[in-house]
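A.B. asks: The structure follows.
Please treat every number below as a calculation from the coordinates, not as lab data. Because the structure is a prediction, the values reported are computed rather than measured. Don't worry about glycine lacking a Cβ; one is built from the backbone with ideal geometry, like all the others, and counts go over all protein chains shown.
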Amino acid sequence: MDKLSDISLVSRVAVFQDKRAFDVLVRKYQSPVRRFFLAQTLGDSQLSDDLAQDTFIKAYTKISSFQSRSSFKTWLFRIAYNVMFDYRRAHHITDEIDNAGVKGHPSAERDAQLSLDIYNAMRMLKPTERTCIALQLIDGYPIDQIAEIMQMAEGTVKSHLSRGKTKLANYLRQNGYGR
């Protein structure tokens, strides 16, 4: 039913340039797309918002090319993946995060430290490993859809996931988690 709803909305946008239908799609998928970019940018919310906006602009301009071979969500995440890839290539990215501490309540500081540790652990990953990890562990995509989004063989995705998970586990273990 959900897929039919997306296809109906996409058709309304493609055929009638129905901006309200596209707004429904944006509201439905903006949080998952933004969450994907937060993982890729190691928590840079402003950059994540900018990249998400670029993704939706590209989706809107290319929506007539959507052919329903996959779900709209998979198609949208393929665009998001390409936006991130283009951004990294254009800006010769060096993975840095803002290590400013969070002041205030001890649990807020502890939560902030955990977030920083997770982003630092994600920094240890290669971009393809980070993308696979984010798509599976954060967004819940199965391996076959990750392969489709990244246009890789399923075996390659599995390799990236395995290496990425091992690196994450080792980093977090070395920093006092899971003892």
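A.B. asks: Could you give the length gained on full extension between SER162 and LYS28, defined as 0.36 nm per residue of separation minus the Cα-Cα distance, in nm? Mind dumping the intermediate values first?
C.D. replies: Details: separation 134, 0.36 × 134 = 48.24 nm, distance 3.04 nm.
Full extension of this stretch gives 45.2 nm more.
A.B. asks: So if we plug the beta-carbon distance of TYR177 and GLU154 into 1/(1 + (r/R0)^6) with R0 = 45 Å, what FRET efficiency do we get, rounded to 0.05? Don't jump to the answer; show the numbers that get you there.
C.D. replies: On the way: r = 30 Å, r/R0 = 0.66.
Calculated transfer efficiency: 0.90.
A.B. asks: Taking H placed 1.01 Å from N in the peptide plane, check which residues at least 5 places from ASP18 or on another chain put their amide H under 5 Å from its amide H.
C.D. replies: VAL13
A.B. asks: Modelling each spin label as a point 7 Å along the Cα-to-Cβ direction, I'd like the ARG89/LEU137 distance in nm, to one decimal.
C.D. replies: 2.8
A.B. asks: Roughly how many debye, to the nearest 20, is the charge dipole of the stretch 1-94 about its Cα centre, given +1 on each Lys and Arg Cβ, -1 on each Asp and Glu Cβ, and no other charges? Provide the component values of the computation, followed by the final result.
C.D. replies: Working: 15 positive and 9 negative charges, 56 e Å.
Charge dipole of the stretch 1-94: 280 debye, to the nearest 20.
A.B. asks: Per-residue HN-Hα couplings for the stretch 17-28, Karplus 6.51 cos²θ - 1.76 cosθ + 1.60 at θ = phi - 60°, whole Hz, x for Gly and Pro?
C.D. replies: Once θ is set to phi - 60°, the couplings for the stretch 17-28 become 6, 6, 5, 5, 5, 5, 4, 5, 5, 4, 4, 5 Hz.
A.B. asks: For GLU148, GLU154, what's the fewest-to-most ordering of other Cβ within 10 Å of each Cβ? Intermediate results must be reported in sequence, preceding the final value.
C.D. replies: On the way: GLU148 20, GLU154 13.
Taking fewest neighbouring Cβ atoms as first place, the list is GLU154, GLU148.
A.B. asks: Still on this structure, I have one more. Longer than 31 Å from Cα to Cα, which of LYS73/LYS126; LYS28/LYS158; LYS73/LYS167; LYS28/LYS167; LYS19/LYS158 are they? Say none if no pair is.
C.D. replies: Numbers: LYS73/LYS126 24 Å; LYS28/LYS158 28 Å; LYS73/LYS167 28 Å; LYS28/LYS167 33 Å; LYS19/LYS158 38 Å.
Distance filter (> 31 Å) returns LYS28/LYS167; LYS19/LYS158.
A.B. asks: In percent, what relative contact order does the stretch 1-94 have, based on Cα pairs under 8 Å that are 6 or more apart in sequence? Numbers along the way, then the final one.
C.D. replies: Working: 57 pairs, mean separation 26.5, N = 94.
Computed value for the stretch 1-94: 28 percent relative contact order.
A.B. asks: Which FRET efficiency value, to the nearest 0.05, do you get for LYS19 and ASP144 by plugging their Cβ-Cβ distance into 1/(1 + (r/R0)^6) with R0 = 45 Å?
C.D. replies: Using R0 = 45 Å, I get an efficiency of 0.85.
A.B. asks: On to the next question. Using a cut-off of under 12 Å, list every residue of the stretch 50-78 whose amide N is near the label point 7 Å from the Cα of ILE7 along the Cα-to-beta-carbon line.
C.D. replies: 67-72
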